[in-house]
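Q: Structure in structure tokens, see below.
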Amino acid sequence: MVNTDRQTLVSTNSPRAYQLRTLLPNYNTERPEQILLSKMGIGYLYLDEYLIFREMNRCAERFLGVTAKTLLDRQWFVICNLRPMDRNNLRALYDFFEDLQVEKQMEIKWTVKGCDRYLLFKSVPLECESKNDFYVTIEDITVPKMLEENIKHMDRLSHLGLIASNTAHDLKNAFTCFKGFLQMEKENESGSKPEQWHHYLEFIQNSLEKFSSFAKVEQQNSLEIIHPQKTLQDTVRFLQGHASNKGIHLHFEDRNRDIPPVVANELELRHVIMNLCINAMEASKQEGEVIVELDYDSERGNVAIHVKDEGCGIPKVNLSRIFDLYYTTKQNGTGVGLYNCRKLIDSFHGTISVESSATGTIFTIFLPAKKAHFF
Ligand SMILES: Nc1ncnc2c1ncn2[C@@H]1O[C@H](COP(=O)(O)OP(=O)(O)O)[C@@H](O)[C@H]1O
Ligand SMILES: [Mg+2]
């Protein structure tokens, strides 16, 4: 029986209560160590060998939103019936109380008077006590938990911002080039090439899909074996219309007849080359030349792609920052283009570097060549 008159937090009918009664005159009020833990903001529960609650402190009452009367002299599982609980929480409580001899902890969401709290239960085996004593402490971790949740939320928001600006950047580029491409097709009356349309519509679709399922944004396109000549040729051809609108001479040069394939993602490699060419064109004056060059370094086993321009160049002090996210020197720039290029080239296990002077800039991409397998 619990002595409610004296607001006791110690059961009166356990063997331990008997012990205490003989030792301490006021055993059945809150004991000094219980008070101390309460003052430290730590809830305390003591269970006997039958896993019956025998003691608790005020703090535990407050955290659990119950009075000692509800718990004391009852088996541990009464705690599962204190609050409506979902299966996960219930499972966690069962797992926790199953073996209190082991030091362990459990976080649980606990609703008191309509307020959600996060409680941390810890089992504290004390070597000095008998094996049949079980101690559990409870801490209120709502504030750190909320902070953690807030940080996660803010991360998500900034992630969303990043994807939004990525998408805006990609779509702007894709549409500008697509417009130029259509115009050129019309002028040359060469008839439209469905596969060219297809690539860029696919690119736009891809950007939009990434945006709409931003939870899955970290998912990358799969790697495949691709032939860089074709990819570069197609991309340059696609950009021709945009280049001639700007009065820039854009062309593709193949420096080696035997370029081996590489492992990359076709759409993403196009995306990288497109970004580099657009930057090069933005830096160039009318009549300027932009060259996309493809070469193979057989000694190192690398396929090299150079994007060269005769534009304004990048001042030395800025060189180390151009791949940084949101770094831009343009009024309408987003600063995500080169950041993305580097991320994509990294994912192909390649490298991207830059050299620049007042007479122009060269971006160089190295991609490991796919070695031929002989059986
Ligand atoms: N070919 C280039 N010539 C000169 N500056 C360049 C070139 N490519 C990139 N940059 C510089 O790098 C910055 C970052 O480029 P990028 O990430 O593509 O973002 P954005 O094009 O939106 O500014 C540009 O603002 C520009 O200052
Ligand atoms: Mg750019």
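Q: From (1) open to solvent by 80 Å² or more (accessible area, probe 1.4 Å); (2) modelled with pLDDT under 85, pick out the condition that doesn't hold for GLN105.
A: (2)
Q: Let me ask another. From the list GLU139, GLU129, pick out the single residue that is open to solvent by less than 80 Å² (accessible area, probe 1.4 Å) and modelled with pLDDT of 75 or more.
A: Values: GLU129 fails: modelled with pLDDT of 75 or more.
Of GLU139, GLU129, the one residue that is open to solvent by less than 80 Å² (accessible area, probe 1.4 Å) and modelled with pLDDT of 75 or more is GLU139.
Q: Could you grab me the full set of residues in the range 269-312 that are small (Gly, Ala, Ser) and within 16 Å of ligand 2 (Cβ to nearest atom)? So that I can check it myself, show each step before the final result.
A: So in the range 269-312, the residues small (Gly, Ala, Ser) come out as 280, 283-284, 288, 298, 301, 304, 311.
Selection gives ALA280, ALA283, SER284, GLY311.
Q: Let me ask something else. Hey, can you tell me all the residues within the range 297-324 that are in contact with a helix residue (DSSP H, G or I) (Cβ under 9 Å, 6 or more places away or on another chain) and either outside any loop (DSSP other than H, G, I, E, B) or within 17 Å of HIS271 (Cα to Cα) (or both)?
A: VAL303, ILE305, VAL307, LYS308, ASP309, PHE323
Q: Can you name every residue in the range 355-367 that is within 15 Å of ligand 2 (Cβ to nearest atom) and of a type in the set (Gly, Ala, Ser)?
A: Matches in the range 355-367: SER356 only.
Q: Next question. For the structure I just gave you, tell me whether HIS251 is assigned to a strand (DSSP E or B), under 29 Å from HIS349 (Cβ atoms), of a type outside the set (Gly, Ala, Ser) and within 37 Å of the chain's Cα centre (by Cα).
A: no
Q: Let me ask something additional. Could you list all residues from the range 282-334 that are open to solvent by less than 40 Å² (accessible area, probe 1.4 Å), in contact (Cβ under 8 Å) with a residue 60 or more places away in the chain and near ligand 1 (Cβ under 9 Å from one of its atoms)?
A: Listed by number, the list holds a single entry, ALA283.
Q: Inspect the range 342-350 for any residue being in contact with a His (Cβ under 8 Å, 6 or more places away or on another chain) and of a type in the set (A, V, I, L, M) and give the result as yes or no.
A: yes
Q: Across the range 32-70, what is the number of residues that are of a type in the set (Gly, Ala, Ser) and buried (at least 16 other Cβ atoms within 10 Å of the Cβ)?
A: So the answer is 4.
Q: Only one of these conditions is not met by ILE352: (1) away from ligand 2 (no atom under 16 Å from the Cβ); (2) part of a strand (DSSP E or B); (3) out of contact with any Gly (no Cβ under 9 Å at 6 or more places or on another chain); (4) not hydroxyl-bearing (Ser, Thr, Tyr). Which number is it?
A: (1)
Q: Another one. Among the residues of the range 335-349 satisfying the criterion of being assigned to a loop (DSSP other than H, G, I, E, B) and near ligand 1 (Cβ under 8 Å from one of its atoms), which is nearest to HIS271 (Cα to Cα)?
A: In the first step, residues of the range 335-349 are kept if they are assigned to a loop (DSSP other than H, G, I, E, B); the result is 335-336, 348-349.
From what is left, the residues that are near ligand 1 (Cβ under 8 Å from one of its atoms) are 335-336.
Working: GLY335: 15, VAL336: 12 Å.
The selected residue is VAL336.
Q: Of (1) in a helix (DSSP H, G or I); (2) without any contact (Cβ under 8 Å) to a residue 40 or more places away in the chain; (3) among the β-branched types (Val, Ile, Thr), VAL272 satisfies all except one. Which?
A: Here VAL272 meets the rest and fails (2).
Q: Taking the options PHE77, PHE134, PHE97, name whichever one is open to solvent by 60 Å² or more (accessible area, probe 1.4 Å), within 17 Å of ASP48 (Cβ to Cβ), among the aromatic types (Phe, Trp, Tyr) and in contact (Cβ under 8 Å) with a residue 12 or more places away in the chain.
A: PHE77
The values are calculated or read from the model by the stated rules, or taken from the named source; none is laboratory data. Fair warning: this is a prediction, and the values are worked out from it, not measured in the lab. Neighbour counts run over all protein chains shown; Cβ positions are idealised from the backbone, glycine included. Each accessible area value is taken on the protein alone, full model and side chains, heavy atoms only, with ligands, DNA and RNA left out. Shrake-Rupley method; radii C 1.70, N 1.55, O 1.52, S 1.80 Å.
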